[in-house]
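First comes the structure, then the notes that go with it.
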Amino acid sequence: MEEIRDVVLEYVIEEYLEDEDEEINYETPLISGGIVDSFSMVSLKRFLEAQYKISIPDEKASPEAFDTVNSITALVREFIG
Amino acid sequence: MSFNEKIRAMYVEQIEGIKDAGIFKQERFIHSAQAADIEVEFPAGSSLKKAINMCANNYLGLSSHPEVVKAAHEGLDTRGYGMSSVRFICGTQDIHQELERKVTEFLGTEDTILFPSCMDANAGVFEAILTDEDIMISDRLVHASIIDGIRLCSAMHDTFKHSNMIHLEKKLQLHADKRLKVVITDGVFSMDGDTAKLDEMVALCEKYDAMLFVDDSHATGFIGKTGRGTHEKCGVFGKIDIITTTFGKALGGASGGCVSGRKELVEMCRQKARPYLFSNTIAPVVVSGVLKVLDILFESTERRDKLEKNTAYWRKGLTEAGFVLKDGDTPIVPVMLFNAKLSQNISNDLYDEGIYAIGFFFPVVAKGQARIRTQISAGHEIHHLDKALSAFTKVGKKYDILGKTKQEIIEMYGL
Ligand SMILES: Cc1ncc(COP(=O)(O)O)c(C=O)c1O
């Protein structure tokens, strides 16, 4: 399960950080911290769905659930079953 | 009467917050027609000051061109002042249709529909042509009006990093299962003055069966050999599915905009785009003016050629003086200062020297990216540019930023 965490972290860094100097970790607030706008959550959700062959219902994909790499990982786990 | 003192106090507090954040915007009153030489009242109540305008979107210098003004007068005399109607009720005159035909020819598209503004065109177009089965993939630096249009549309939305074609391709792959895909970009980006890689974007769109949308507001009339826009410059004339543009900048600068492109998409806008259906038609006087502007541009490339020369002269002058510029070759020439306060101070000092150029900072541009965005016009003569260059140099010396790198300026003034 470590692996999911790292895949998500790497994706977030690749996708959203424009400045190489910025650093984030598993607990950095992404949406409330202004790193990921709620607009861009879509691509994260789609990426997770494609990567793990799961389907996350929209009502589960709340800004809170997507706010940290750890919370995203927990959400993914729930659907991998 | 429910605007009570409590409500008022709430707004006062918000406005104070804007002031405290240093992002309170103030108008400057111009007492002359729009041109290279203007007369300005600033701050409000002070006596008039002559200044050289270095920040208008008057790229072709047509805003107060005598032939355009004359054509507008004729339009006023023959077609009246207003239409008091939206287009589809009783707001379409022969000249509206004529303008749509001419814009179509100028942009090399299949059909065109006028909107009250390009803001309205961008706000209305996506909702009119897409549904929740579709995806919009936009560059992260597109204009605010496009973001609004995207928000109003039920299609899914995703972004790609600014002008990053590898990232765009990944997104096209990620969303391959969507019914319709639209890739969305500005032709020339208004804050940085850089040009979208439309040739590569067309190739990607063809590869992944996506439509391409380009807002060419800062290009129509002067970018490309004959001024048709970014698609001409990038060698993809005729290959853009949807172009939106404005008449409020190079094309006379009054107002109005359009969606131009595949005829079925334009037809969908005529049937469904809300700003077209529910906002008044463009005034006849404006339509007449834009028609004349297009005639002038069909006839000769003289004005865009002059603009190109002026731009090269200005970029070279600022570079030699030692300023940090954003790379590019468009008439949008941002002088990078990075620090918001510094950009405001320099703008004020330039104004004292008779140069009108505005500082831009967060939230209009990213934090730490403050700048003075200069915009060159075919209405500028070399003497205007020389005067502006010596003012920039004088002020640059005062703040000791000439010949300094980005890093050095940031060390001196902070972000
Ligand atoms: C890229 C872009 N699109 C659209 C607009 C809006 O144009 P209009 O003034 O016609 O609403 C602007 C103007 O600021 C712009 O820069």
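The values are calculated or read from the model by the stated rules, or taken from the named source; none is laboratory data. Not measured: the values here are computed from a predicted model. Note that each Cβ is placed from the backbone with ideal geometry, even for glycine, and that neighbours are counted across all protein chains shown. Each accessible area value is taken on the protein alone, full model and side chains, heavy atoms only, with ligands, DNA and RNA left out. Shrake-Rupley method; radii C 1.70, N 1.55, O 1.52, S 1.80 Å.
Quick look at the numbers
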item: 26 Å Cα-Cα threshold exceeded, pairs from B:K178/B:K233; B:K316/B:K404; B:K161/B:K309; B:K19/B:K316; result: B:K178/B:K233; B:K161/B:K309; B:K19/B:K316
item: Ratio Rg/Rh, restricted to chain B and using Cα atoms, in which Rh is the Kirkwood radius; result: 0.97
item: Among B:S138, B:S390, B:S288, residue whose mean-square fluctuation peaks in a GNM of chain B (springs only between Cα atoms under 10 Å); result: B:S390
item: Volume of the Cα convex hull of the range B:137-254, divided per residue and given in Å³; result: 97
item: DSSP beta bridges in the range B:102-237 [antiparallel fraction, %, rounded to 5]; result: 5
item: Alpha-carbon centroid distance for the pair the range B:1-72 / the range B:290-310, whole angstrom; result: 28
item: Simple spin-label estimate for B:E302 and A:E22 in nanometres, 7 Å along Cα-Cβ; result: 5.0
item: Selected from B:Y11, B:Y81, B:Y399 as most flexible by GNM, with chain B as the system and alpha-carbon contacts under 10 Å; result: B:Y11
item: Where GluC sites (Glu not before Pro) fall in DSSP loop in the range B:27-91, at most 16 other Cβ within 10 Å; result: B:E27
item: Per-pair calculated FRET efficiency, R0 = 60 Å: B:K397 and B:R151 via Cβ, rounded to 0.05; result: 0.85
item: Shape of the protein assembly as shown, Cα gyration tensor, a/c cut at 1.5; result: oblate
item: Antiparallel DSSP beta bridges within chain B, percent to nearest 5; result: 60
item: Estimated dipole of the range B:171-302 in Debye, rounded to 20 [Cβ of Lys and Arg +1, of Asp and Glu -1, Cα centre]; result: 440
item: Helix-only mean residue ellipticity at 222 nm for chain B, each DSSP H run of n ≥ 4 adding -39500 (n - 2.57), per residue, nearest 500; result: -13500 deg cm²/dmol
item: Gap separating the Cα centres of the range A:1-74 and the range B:151-190, nearest whole Å; result: 19
item: Cα→Cβ-extended label distance, 7 Å offset, between B:D295 and B:K225, nm; result: 2.7
item: Where chain A is the region considered: accessible area per residue in Å², 1.4 Å probe; result: 56
item: Modelled FRET efficiency - R0 56 Å, B:Y81 with B:D199, Cβ distances, 0.05 increments; result: 0.80
item: Interface burial for B against A (accessible surface, 1.4 Å probe, total of both chains, Å², rounded to 100); result: 1100
item: Among B:F247, B:F115, B:F24: highest mean-square fluctuation, GNM of chain B, C-alpha pairs under 10 Å; result: B:F24
